[in-house]
Structures are given as structure tokens and as C-alpha cells.
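Below you'll find the structure, written out as C-alpha cells, and then a few comments.
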Amino acid sequence: MKPYDYISETMPDSSGWKERHSDALWSPRQHEQPIANLLRAWCDYAEVHKRAYHSKIGEDGVLGEPWAQIGSNLLRLLNGATGRLDCGTLDSIIRDNLMEQGFNPDNM
């Protein structure tokens, strides 16, 4: 799941958070840029691995664990400056990706 494909049309938006979050992903500034780039690269790495090896990165005995640790550390970075990015959405993206790959984000 890619970070820029995650926001559902059915999610409520009474405060304008969707627009701010999307703007931060597509036109990032300050802290938004490295967070968005890290998240995109992390998600892309798993997708490229799946295309190349026809298996989930979580099934890889060498690369799976380091990939999951990056995700766990991305969760921690959400406690810092993130600008207009919606950290609840990013948290869900990271946790969903970890679980899809067979990792429990609560036990990392």
C-alpha cells in the first residue's frame, strides 16, 4: 500500500485534513519531505521485492527483519515534526504494511 493511495473518499473530512495531508505528500516542505520520502521508499522497497522475487519481503529471512525495523522506526519518527502530514494516516499505512508482511508492529 502506497502512502499517496491510502486516503479513502469515504473518510470524513470536516476540518480539511485530507487536503492538507495530500498537499504535504505532493508538495512537501520542511519536515514533510523527508518523512514522505522515507515512507514512499519503504513501501516501494517491499513492492519491488515482491515483483522481483514473487514473494513478500516479510518472507525473506535476510531482508524481512531489517525492512520491518525501518517501519518500526518510521512509527517513532511520527512523534517528531511532520508538518501538514496526518500522523494517524501515516501510522495506519505503516502498521498495515507491517501486518501484510507478517510482522506485529506492537511487538517491535
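Each reported figure results from applying straightforward, stated rules to the coordinates on display, with no laboratory input. Not measured: the values here are computed from a predicted model. Backbone-built Cβ (ideal geometry, glycine too); neighbour counts: all protein chains shown.
What is the log10 of I(q)/I(0) for the chain, computed with the Debye formula using one identical point scatterer on each Cα and no solvent, at q = 0.14, 0.23 Å⁻¹?
Those come out to -0.55, -1.26, one per q.
May I ask for the angle, rounded to the nearest 10°, between helix 64-77 and the longest principal axis of the chain, with both axes built from Cα atoms and the value confined to 0 to 90°?
20 degrees
Where the only charges are on Cβ atoms (+1 Lys, Arg; -1 Asp, Glu), what is the dipole of the chain about its Cα centre, to the nearest 20 debye?
Approximately 240 debye in magnitude.
What does the charge count near Ala24 come to, summing +1 for each Lys or Arg and -1 for each Asp or Glu among other residues with Cβ under 13 Å from its Cβ?
+1
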